[in-house]
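What follows is one structure encoded as structure tokens, with my remarks underneath.
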Amino acid sequence: MSNGVRISADTANSAVGADLAERLSAKVTTGAADIALVSAPPTEPATHVVVTGGISEAVDEWDRAVAPQTVAGALWITPGQDAALAAAAWWVLRNQTPTTPLSDLTDTNDRCLRWSVLGVTVVALILAAEHWLVRDAKADGRSRHINVAFFNLNAFVSVVFFVFAGLDFLAEG
């Protein structure tokens, strides 16, 4: 039974591809795939590329030439490793570990930066201001700005984050 994951493998990796497909309950296919098992630069599009064997100059050139965010992940498996086991573990971890590079912070309307990210940035600046206000407490053990820093600015943090999260929610509308 296939879970929708498509695996393509070149001739050198056909046995590894079949083993990986069995471990992941995936389907071996030709052409575009979710995981490409290759021993040379991939010729078909894939979101994840697993290179087996030694790194050649051609693979290194492909790696330098591939556009950022074209490939979601790449893994090099050295000779002597259990390629199917390593690739299966890598695939499971990649799909269970949240990763959000800045270019992936898009919403359903393909807007580049979400409002909540901007809100977190503003909150970080407010928290930095709090620390700046109480910096003199180290010298004399007290600060005349403690009330402002911890009551007023913390209340402001809550309101700012609520507003930006609300804008994010409304923008998804």
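Determine which member of the set 33, 21 is within 23 Å of the chain's Cα centre (by Cα) and not acidic (Asp, Glu).
Values: 21 fails: within 23 Å of the chain's Cα centre (by Cα).
Result: 33 is the single residue among 33, 21 that is within 23 Å of the chain's Cα centre (by Cα) and not acidic (Asp, Glu).
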Can you name the condition, by its number, that residue 120 falls short on among (1) modelled with pLDDT of 80 or more; (2) over 21 Å from the mean Cα position of the chain (by Cα)? (2)
Can you name the number of the only condition in (1) out of contact with any Gly (no Cβ under 8 Å at 6 or more places or on another chain); (2) modelled with pLDDT of 85 or more; (3) surrounded by fewer than 17 Cβ atoms within 10 Å (Cβ to Cβ) that residue 12 fails? (1)
Among the residues of the stretch 72-91, is there at least one that is in a loop (DSSP other than H, G, I, E, B), at pLDDT below 75 and under 19 Å from residue 33 (Cα atoms)? yes
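Of all residues in the stretch 39-56 being surrounded by 15 or more Cβ atoms within 10 Å (Cβ to Cβ) and out of contact with any strand residue (DSSP E or B) (no Cβ under 6 Å at 6 or more places or on another chain), which is modelled with the lowest pLDDT? Don't jump to the end; show me each part of the working.
So in the stretch 39-56, the residues surrounded by 15 or more Cβ atoms within 10 Å (Cβ to Cβ) come out as 39, 41-42, 46-53.
Among the residues that remain, those that are also out of contact with any strand residue (DSSP E or B) (no Cβ under 6 Å at 6 or more places or on another chain) are: 41, 53.
Numbers: 41: 85, 53: 79.
Selected residue: 53.
The values are calculated or read from the model by the stated rules, or taken from the named source; none is laboratory data. Owing to the predicted nature of the structure, the values given are computational and were not obtained by experimental measurement. Quick reminder, even Gly has a Cβ in these numbers, built from the backbone with ideal geometry, and neighbours come from all protein chains shown.
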